[in-house]
Structure formats: structure tokens, C-alpha cells
Amino acid sequence: MRAVYAVWLIAIFSLTSHVEVDQPKYLVQAEAPVTLEAYWELVRNTRQAVVEMAALSSGEIRKQLDQHAAQWEKVTAVEFPDTGVLPVDSSYLVKELKRDSPDLKRLEALLDVLLKAHAEYPQKVFTVQDILPLQAILARPEFQWDTASAVQTPDWVQKIFDLIANLIDRLTYAVQNTVYFGRIPLSIAGVIIFIVSLFFISRNLSRSLVREAELAAEHADSDAALTSKGAMQRAQTLSSQGDYRNAVRYLYLSSLLILDEQGLLRYDRSRTNREYLRSIAAQPQLANPLRDVIDVFDRVWYGFEAVDEETYRSYVKHVDELREKQE
């Protein structure tokens, strides 16, 4: 009986990709704020470029997207006519432009949303000065109310809470100590179990190897003294016991031995099946039936193909056909 053992395999890989972009061609200077008009002009230009990319090759699309991404990387602040400079974060748009598989429709929709928001945004917004009258309104008496005083916990209740908290801290500390110091015996037990497991695995494996070697030696000794009739009788005995796999093997040996006894080929356990076929290639009336016998044997013996009674009977017919050809 063969023992099957698991092999542990752990692999950790890290992959980092770097994308090189071209130098920007836009007139905006690095680290310098752009005007509000220049910002929206860049949005419109980028959208128009994305629309026109649909007719370009993938290489040209990648090149132009990298150029626009480089332009947007330089846009870090916008200068408003009346409120000074406002920082802006263009990283999301840059990320979309640098995607490995660019989605032009998605980019176009994103830029359309920006332009639509710009078109619909009100020209006048509320400022701090606009909410000063609201502060005066909220200061009126009708909008004032007394803040409820916090409920004071009685001292005796607080003491009970402190005792419970202290008890929980002690229990937590005890559990932590138990877990910490208990790891040492658990580790020792784990090592012992691992060593014992290795011992039993190695012992069972060695027994299996020894048994297989003994079986191989037994087959070698018995095969050396076999005749074609003896091999046929063994095949019949094994087939009657339901051991069709070994029965096929002895029918195969019987076929080779009878050809050896007739002087048509030399049976030698060191020779391969292909060598047997080559040795009688000049006699196709024998080579073709022998090829069928060998093919079935290879599939059953080396390929572990399932054999039932019907398959075995069919194999017997191939062997009988070979015996008739050489007679």
C-alpha cells in the first residue's frame, strides 16, 4: 500500500511597475498656479484630445495620454481673480490617464462631468459676510435656552463601578499571563508531535519501499523460470481470481516467451517493448498482432488503465491471434 504525503510550498512574490512619462508640452509652468480660465481650457483641451483618440492606434493613444497626464501633474493650484490661490488635487485624473488599459469613454464622461459642473455652478456664492446677519438672529432670546446640568453619579455607585473595573483588569491580566506562559509548553508539545510524525512517516515510507523492492525481486525470480505455457496458466489463475491487471501482464509475458521459444525474437527483461517490435519488424504478420498486445499492456500496466472482465477477454483474443500467426 502506497503512502501519500503532503509537501508544503510557500512562495511570496512582489511586483513593482514604473511608468515613464514624456515631458509636458502645455505652457503652464511647474509649481506655478494656473488661472481659472487656463484650468478650464486645459479640461476642454484634454476632453477634445480624448475624443479624437478613438481613431488612433494603441501606441499613439498611450503616448498622448502620458503627455496629458504630465500636464495635469503640474496643476497643483488655481488662481482666482478675487479670492487668491486655491490648491487643487489632480491625482485622480492623472491616475485615470495613466491606466494600463485606458478607457476613453470613461475619461470623456469624467471630463464632461467637470465641464457640466462648471457650467451649472452659480456665479455668486455665500461668503462669511453673508452669514453675519444670521448670527445676530440666532442671538435673540427666543433662540436661547438653558443648558441642562450634567447628572452627577452618587459616590457609592461610582465605587461599585471602580470595583468592577478593577476586577476585570485583574482577570484580564491573569488570562494574559496564562496565555503568555502557556505558549512554551504548547511549543514544546508541537515540536514533539512534529518529530513523532516525521518518525512514523519515514518508517512507513521505508517499509513501502522495501516491500516494493521485495515484490519486484519476487517477480524477477519467478519470471526468469517462466515458460509460455506457465505464464498462460498463471494468467488464467489470476483472471479467475478477478486480478485482471496481473493476468494481462502474464498474457503479455506468454506472448513474448512463445516467440522466444520459436526463435522469432530473444526475450530479455532488459529490452524494451519497442526493441521487441523492431526485432520482428521484417515480419509484419507477427509485428502487427504483437504491437496490439504491447499497446494494451502498456496502458494497463504503466498507465494504470482500469481492466474489467470484458476488457480482459478482448486482450485474450489479441494474444490468441498472435499465437496463431507464429504457428
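Rule-based calculations on the coordinates, nothing more; no lab input. Owing to the predicted nature of the structure, the values given are computational and were not obtained by experimental measurement. Ideal geometry is used to build each Cβ from the backbone, glycine not excepted, and the neighbour counts take in all protein chains shown.
Annotation: amide H-H contacts under 5 Å for residue 88 (H modelled 1.01 Å from N, sequence separation of 5 or more, or interchain): 77, 78.
Would you mind computing Rg(Cα) / (2.2 N^0.38 Å) for segment 34-120, counting N as its residues? Could the numbers behind the result be given before it?
Details: Rg = 13.4 Å, N = 87, 2.2 N^0.38 = 12.0 Å.
Expressed relative to 2.2 N^0.38 Å, the Cα Rg reads 1.11.
Check each of the trypsin sites (Lys or Arg not before Pro) in segment 247-327 and keep only those in coil by DSSP with at most 12 other C-beta atoms within 10 angstrom; list them in order. Present the calculation step by step, with values, prior to reporting the outcome.
Working: sites: 249, 266, 269, 271, 274, 278, 291, 299, 313, 317, 323, 325; in loops: 266, 269, 271.
The qualifying sites are 266, 269.
Here the 3J(HN,Hα) profile of segment 253-265, calculated from phi with Karplus coefficients 6.51, -1.76 and 1.60 at θ = phi - 60°, is 5, 4, 5, 5, 5, 5, 5, 5, 5, 8, x, 8, 7 Hz, Gly and Pro shown as x. Restricting the calculation to alpha carbons of segment 227-326 gives Rg and Dmax of 12.6, 39 angstrom.
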